[in-house]
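**Q** One structure coming up, written as structure tokens, with questions to follow.
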Amino acid sequence: MEIKWIDKIKCPQDLKQVPLEKLPEVAEEYRQFLIESVAKTGGHLGASLGVLELSIALHYVLNSPEDKICWDVGHQAYVHKMITGRKDQMHTLRQPGGLSGFPAPWENMHDPFIVGHAGTAISQALGLAAARDIKKGNEKVVAVVGDGAMTAGLSFEALNSAGQLKKNMLIILNDNEMSIAKNVGGMSRYLNRVITNPLYNRIRGEVEKQLSRFPRLKKFSNVSLEGMKHLFVPGIIFEELGFRYFGPADGHDVIGLVKTLRDVLALNSCSFLHVLTKKGRGCAFAENDEEKGHGVGPFNVKTGEKIEVSSSKNDGASVSYTQAFADALSKQARRNPKVVAITAAMPSGTGLLHFQKEFPERFFDVGIAEQHAVSFAGALARGGLKPVVAIYSSFLQRAHDSVMHDVALQRQSIVMGIDRAGLVGADGATHQGIFDLAFLGSVPGIVLASPIDEYEMEKMMELALNHPTAFAIRYPRANIPKMFDAFPKKGFEIGEGEVLFDGEDVTFLALGSMVEAACKARALLEKEGVSARVVNMRFARPLDEQLILDSLKKTKFLFTLEEHVATGGFGSKVLEFLEEKNIRHVPLKRFALPDEFIEHGSRDAQLDEFGLSPDKITAAVLKELNRVIK
């Protein structure tokens, strides 16, 4: 059996042993392996297929890990992972204890940073370049930035700084959709060869050096040298920022990329290379269907159809919380023409595609710019509209200042749909939505709500749109448990919880996704002779203070439950309330996630690992009761 090229490549040095003319064969082998591998594990297929040739070319030219590659966003780095010795581990991608879906420095020395959010690479590359110069090093530093990440404000802040500092670094724009330059024909290829040619750049450098003593002549020379290029090449904005612009280059011509990278990196300048690629390249369904190409679950290799993998124990789950949020928003929008929706490059993930189709003029996708999304929403509110912003919990972290300064301080009324609040499974540490109650909890006037079903989601949306200050609705990456269908639907106001089950021994004060666990733990405790009161608190702020006080009178022990870290969360707010009321020495235990970054794994398995499954809650309650009784 013939040994494939990629089976011989265990590190970048092995790749360099491949003859240049054989690199297209290497690319095709990696492409087939990548498709078949991700089909089994799930993952972000399209992005990594798009930069496959670029990944090969970078490692062929650079000397990683001495030279640094900063990926932005990290979900395009699967081929980088394989070249740097992780191909044989790809079957563990995004699995518990396996490879991360993003670069991770503790996983491999070729990854400078863990990268799960967009817009970071240019800042990080500039920092590495500045540190190198202070230490008198000579390593190369490259940032690979997807065009979507270029919509992030942080990218432009870093571009401004990099252009000013003029460090020896290369920024590669992986343009697969934004179409900054549509012309990839003969003229573009010709101009690219001219401006990367060593002779051209040597002459240019010498002319600039000699004319530096004569400012007026130098200005005239620059106009002459650059004038023709700017007629055809869309890089003038980057040149004006202080970069040497090159491109656009064909991102799927691996041999051409190697030659271009060699020439550009040899300049030792602050450079910008524009590369045109196609997401999902070489995989028909990934090229033609953005959703299938993006991922992220296991799929059929031939059709791209997702293979459903059960990841929840919801006793016959109904719709997702995300869908319930989207349905509630659309219902309110039909009633009120002032309702508008905003998302930061996540119309599908946040469930807003149908809203976009039904209300195209009232839908805004602002790109990967969470800060702008929130500040923009605040201004829409000032303009008399009812804005609803849908953002993942972990991405909303970036907009904290906008929430504080541009919404709360301005007394603006906006609604924040906080999706993926809690554990998120295979996306891991960069995406765990377990900090939102803490970073939003100190914002004056904000309401923090968590529904348990579709009815409560709809009611909270109605309350939120009529509330005069910021209102956040947080909900998990999960389906709504069918068990809540049996409960009577009662109206409620802001800050009003509900007793679902009464009891005499202990009280569960549960928030959002943990109400289901509390109900199941109650049933298990009943078998042990323990009577548990279950309270659906609904709101982490304001708290239903009277319900807490009533529970103290009726039962001897309080237990708070939340899918959030312990510090600054719902349980902390209950403790603060008791302290304010001068109620001390109350037997109270908080069930929450540990104050740490949690890696990727099954949501159900992690809930159990951290003591938030019904079985673990029951065991901990019994242990606490026995301890106190003794």
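The values are calculated or read from the model by the stated rules, or taken from the named source; none is laboratory data. Bear in mind that the values here come from a model prediction, so they are computed numbers and not experimental data. All Cβ positions, glycine included, derive from the backbone under ideal geometry; neighbour counts span all protein chains shown.
**Q** Does S442 meet the test of being surrounded by fewer than 18 Cβ atoms within 10 Å (Cβ to Cβ) and more than 30 Å from the chain's Cα centre (by Cα)?
**A** no
**Q** Tell me yes or no: at least one residue of region 598-619 is assigned to a loop (DSSP other than H, G, I, E, B), farther than 23 Å from I434 by Cβ and free of Cβ contacts under 8 Å to residues at least 60 places away in the same chain.
**A** Here is the first cut: in region 598-619, the ones assigned to a loop (DSSP other than H, G, I, E, B) are 598-602, 610-613.
Next, from what is left, pick out any that are farther than 23 Å from I434 by Cβ: none.
No, there is no match, as no residue in region 598-619 is assigned to a loop (DSSP other than H, G, I, E, B), farther than 23 Å from I434 by Cβ and free of Cβ contacts under 8 Å to residues at least 60 places away in the same chain.
**Q** Output yes when any residue across region 573-595 is closer than 30 Å to G42 by Cβ, outside any strand (DSSP E or B) and either without any contact (Cβ under 8 Å) to a residue 40 or more places away in the chain or not assigned by TED's automatic domain parsing to the domain that holds H467 (or both), and no when none is.
**A** yes
**Q** Condition first: of a type in the set (A, V, I, L, M) and within 18 Å of I446 (Cα to Cα). Can you find one or more residues in region 393-402 that meet it?
**A** Yes: one or more hits.
**Q** Find the residue count for region 342-362, including only residues that are assigned to a helix (DSSP H, G or I) and within 14 Å of F325 (Cβ to Cβ).
**A** Summing the residues that are assigned to a helix (DSSP H, G or I) and within 14 Å of F325 (Cβ to Cβ) in region 342-362 gives 3.
**Q** Another question, then. Looking at I452, is it touching a residue at least 24 places away in the same chain (Cβ under 8 Å), touching a Phe, Trp or Tyr at 6+ places or on another chain (Cβ under 7 Å), outside the structural domain of N582 (by TED's automatic domain parsing) and more than 30 Å from V407 (Cα to Cα)?
**A** no
**Q** Evaluate the following for M416: is it aliphatic (A, V, I, L, M) and assigned to a helix (DSSP H, G or I)?
**A** Judged against the criteria, M416 is not a match.
**Q** Quick check on my filter: what residues within region 10-25 are free of Cβ contacts under 8 Å to residues at least 12 places away in the same chain and more than 17 Å from I255 (Cβ to Cβ)?
**A** Those that are free of Cβ contacts under 8 Å to residues at least 12 places away in the same chain and more than 17 Å from I255 (Cβ to Cβ): Q13, D14.
**Q** Oh, and also: Tell me the residue from V374, V424, V366, V415 that is under 16 Å from the mean Cα position of the chain (by Cα), among the β-branched types (V, I, T) and under 29 Å from M514 (Cα atoms), please.
**A** Working: V374 fails: under 16 Å from the mean Cα position of the chain (by Cα); V366 fails: under 29 Å from M514 (Cα atoms); V415 fails: under 16 Å from the mean Cα position of the chain (by Cα).
On inspection, the qualifying residue turns out to be V424.
**Q** Still on this structure, please answer the following. Let me confirm something: among T92, T120, which residue is closer than 22 Å to K140 by Cα and either in contact with a helix residue (DSSP H, G or I) (Cβ under 7 Å, 6 or more places away or on another chain) or free of Cβ contacts under 8 Å to residues at least 60 places away in the same chain (or both)?
**A** T120
**Q** Any residue that is touching a Lys or Arg at 6+ places or on another chain (Cβ under 9 Å), assigned by TED's automatic domain parsing to the domain that holds S155 and at pLDDT below 90 - is there at least one of those in region 118-127?
**A** yes
**Q** Mind checking whether some residue in region 144-163 is in contact with a helix residue (DSSP H, G or I) (Cβ under 8 Å, 6 or more places away or on another chain), over 30 Å from T343 (Cβ atoms) and modelled with pLDDT under 95?
**A** yes
**Q** Among the residues of region 20-65 satisfying the criterion of being in a helix (DSSP H, G or I), over 25 Å from the mean Cα position of the chain (by Cα) and among the small types (G, A, S), which is farthest from N268 (Cα to Cα)?
**A** Only one residue tops the list, namely A27.
**Q** Sticking with this structure for a sec: Between a first residue in region 328-340 that is farther than 9 Å from E458 by Cα and a second residue that is surrounded by fewer than 16 Cβ atoms within 10 Å (Cβ to Cβ), which pairs have beta carbons less than 8 Å apart while being 6 or more apart in sequence or on different chains?
**A** From residues that are farther than 9 Å from E458 by Cα, the pairs are S330/H354; S330/E358; A333/E358; K338/G384.
**Q** So how many residues does region 108-140 have that are of a type in the set (G, A, S) and either surrounded by 22 or more Cβ atoms within 10 Å (Cβ to Cβ) or assigned to a loop (DSSP other than H, G, I, E, B) (or both)?
**A** Number satisfying all stated conditions: 7.
**Q** When region 499-515 is examined, which residues are found to be in contact with a Ser or Thr (Cβ under 6 Å, 6 or more places away or on another chain), under 21 Å from V586 (Cβ atoms) and buried (at least 24 other Cβ atoms within 10 Å of the Cβ)? Even if it seems obvious, please write down each step before you answer.
**A** Filtering region 499-515 for residues in contact with a Ser or Thr (Cβ under 6 Å, 6 or more places away or on another chain) gives 503-507, 509, 511-512.
Checking which are under 21 Å from V586 (Cβ atoms) leaves us with 503-507, 509, 511.
Those that are in contact with a Ser or Thr (Cβ under 6 Å, 6 or more places away or on another chain), under 21 Å from V586 (Cβ atoms) and buried (at least 24 other Cβ atoms within 10 Å of the Cβ): V506, T507, L509, L511.
Yes/no per residue for (1) surrounded by 17 or more Cβ atoms within 10 Å (Cβ to Cβ); (2) under 30 Å from L99 (Cβ atoms):
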site: I598; (1), (2): yes, yes
site: D608; (1), (2): no, yes
site: P614; (1), (2): yes, no
site: A619; (1), (2): no, no
site: K623; (1), (2): no, no
